[in-house]
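Enquirer: One structure is given below, represented as structure tokens, and several questions about it will come after.
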Amino acid sequence: MEESSANPPADVSSRQGLTFDLDVDICVIGGGLAGLTMALESVRKGASVAVLEGRSIGWNASGHNLGTVMPGYGVAASDLIERVGFEDARHLWTLAQEGADYVRATAARMQGIALTDGALEVSRIDAGDELISRLQTLGEDFGTEVEGWQTDRVREVLKTDRYFHAIHFPKAFQIDARSYVHGLAALAETEGVRIFEDTPVVGIDPAGIRKRVFTPSAKLRCSHVVLAGNAHLGAPSQRLTATLLPTWRYAALTEPLGERLAGAVAFQGSVSDTHGIDHFRIVDGDRLLWSSPETTWQGDPRRYAKRIESRIAAIFPRLGPVKIADTWGGMFGQTVHGMPQIGEVQPGLWILSGFGRQGLNTTAMGGQLLARSILSGDDRWRLFSPFELVWAGGSAGRIAGQAIDLWTRGHSAAAGALSRFRERARSREQAREYATEARIASAKAQASVARQHASAAMHEDRRGSGGA
């Protein structure tokens, strides 16, 4: 899931642009997490690599990520099985787990990464049967370490009646995403990757063995081109851009909340709900990093501060008034089928995109996979062949996407309200049953005492009669 980080990077370039013609083995277009991972792993395998970034490293989605690293993809495991079959779904899941392991190992070499463990996916509705089914799929079928939490346990760490049961991922973790993307770029440069910022690509000639990539000031020749851009890629590949629905996600960082935060949120990992409405975690010990609203057009993040304040107040009313210290937003491109787009479009032209709602693990997975595909003949990228380039619908798709998001949020709110109503109704019914049982027990006790008194009286009367 693409979210927002506690320290959004400034859009300031610190590296030189490409101003001279260059020959390399691989040209990566896009300096985000996936492109940088692919470049790093390729140079480690002996290739010469150049990364062309139109603005600056981490300026968009990769630098606006909440930093949660979870297993799997942005689609449910059951949906994945239905789409590609059980065995291929398991192989895809294994690749995603390898991506998570890669991020953890790579982040361990960086400074200021602030790694914390654990993630909780909470349900806004009371649906225990679904929990059991998901636990079986994730744990038994896919080998993921998971725990099912009942409602009482969830509410021990999240003091709210908005959440019911949950799935706990103890091996999931979160990092400072800004530090990670910039650390990844520095690591790649240390190992020989050449990164050029402020270098938009205006055209590609993919014909022949040696491809040509054109920028405003120079051209580059290479054997392989990797399109690792987002929905803003534009001119280099309008076909790829048209398959991504641009979505802006907004986030906020609260002011320090002091000791009262521990009275409402006692879980130190990240928390997200099953409907994708809210995603939050504690940072700096006593502040909440909260991501919630979405639009399919770019908005002013400051306009959403009050909305996020309202979300926090609705979920955790015992926190009291919460002040927002900062807000920001980032755009990510999501695919129609909900999976990343990874593979070879034509000989020597590769795509590595569509990571919106996928999580950091999939960017690492995709980068590793393409590096192995190009340089070691690994053909597992074909597992992504069923998730082809699908037109996202243009302007109509953005309108539909926004409508679907509003419907999802409304439906989630209604479903959550209904679950809470039913829970209160069950509590009232149980209270009435307990009261009825107590009255019956009291009546029985009183009747028993009365019978004992009556029996004693009769016994005394008989003794008196016998004595007369």
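Enquirer: Identify all aspartates and glutamates with a Cα-Cα distance to residue 219 below 19 Å; exclude those on the same chain that are fewer than 8 residues away in sequence.
Expert: 21, 23, 25, 53, 197, 198, 205
Enquirer: If I model a spin label at residue 242 and residue 83 as a point 7 Å from the Cα along the Cα→Cβ vector, what separation in nanometres do I get?
Expert: It works out to 2.1 nm between the two label points.
Enquirer: Residue 78: net charge of surrounding residues, Cβ under 11 Å, Lys/Arg +1, Asp/Glu -1, itself excluded?
Expert: Residues close to residue 78 contribute a combined charge of -2.
Enquirer: Note down the net charge around residue 167, summing +1 for each Lys or Arg and -1 for each Asp or Glu among other residues with Cβ under 14 Å from its Cβ.
Expert: With Lys, Arg at +1 and Asp, Glu at -1, the net is -3.
Enquirer: Tell me which lysines have Cα within less than 26 Å of residue 306's Cα, excluding those fewer than 8 residues away on the same chain?
Expert: Correct list for residue 306: 159, 323.
Enquirer: Label points 7 Å out from Cα along the Cβ direction at residue 115 and residue 140: separation in nm?
Expert: 3.2 nm
Enquirer: Only four residue types carry charge here, +1 at the Cβ of Lys and Arg and -1 at the Cβ of Asp and Glu. Report the dipole size of segment 22-392 about the Cα centre in Debye, rounded to the nearest 20.
Expert: 960 debye
Enquirer: Could you grab the relative contact order for segment 1-143? Cα pairs under 8 Å, six or more apart, rounded to a whole percent.
Expert: The normalised contact order for segment 1-143 reaches 24 percent.
Enquirer: Moving to a separate point now. When ranked by the protection proxy of mean other Cβ atoms within 10 Å per residue, highest first, what sequence do the peptides 88-94, 371-377, 352-358 form?
Expert: 352-358, 88-94, 371-377
Enquirer: Say R0 is 41 Å: what FRET efficiency, to the nearest 0.05, do residue 191 and residue 130 get from their beta-carbon distance?
Expert: 0.35
Enquirer: With a 1.4 Å probe and all protein chains left in place, how much of the accessible area of segment 22-392 comes from carbon and sulfur atoms, in whole percent?
Expert: Summing carbon and sulfur atoms, their accessible area is 48 percent of the total for segment 22-392.
Enquirer: Once you put a point 7 Å from the Cα of residue 262 and another 7 Å from the Cα of residue 98, both along the Cβ direction, what distance in nm separates them?
Expert: The answer from the label model is 4.3 nm.
Enquirer: Sticking with this one: What length, rounded to one decimal in nm, is gained on full extension from residue 161 through to residue 448, with 0.36 nm per residue of separation minus their alpha-carbon distance?
Expert: 99.1 nm
Enquirer: With the other protein chains left in place, how much accessible area per residue, in square angstrom, belongs to segment 22-392 at a 1.4 angstrom probe?
Expert: Each residue of segment 22-392 exposes 38 Å² on average to a 1.4 Å probe.
Enquirer: Which FRET efficiency value, to the nearest 0.05, do you get for residue 378 and residue 150 by plugging their Cβ-Cβ distance into 1/(1 + (r/R0)^6) with R0 = 41 Å?
Expert: Working from the Cβ atoms, E equals 0.45.
Enquirer: Same structure again: From the Cα gyration tensor of segment 22-392, with a ≥ b ≥ c the square roots of its eigenvalues, which class applies: rounded if a/c is under 1.5, or else prolate if a/b is larger than b/c, or else oblate?
Expert: prolate
The values are calculated or read from the model by the stated rules, or taken from the named source; none is laboratory data. Bear in mind that the values here come from a model prediction, so they are computed numbers and not experimental data. Note that each Cβ is placed from the backbone with ideal geometry, even for glycine, and that neighbours are counted across all protein chains shown. In case anyone asks, the SASA skips ligands and DNA or RNA and just uses the protein heavy atoms, side chains included. Shrake-Rupley method; radii C 1.70, N 1.55, O 1.52, S 1.80 Å.
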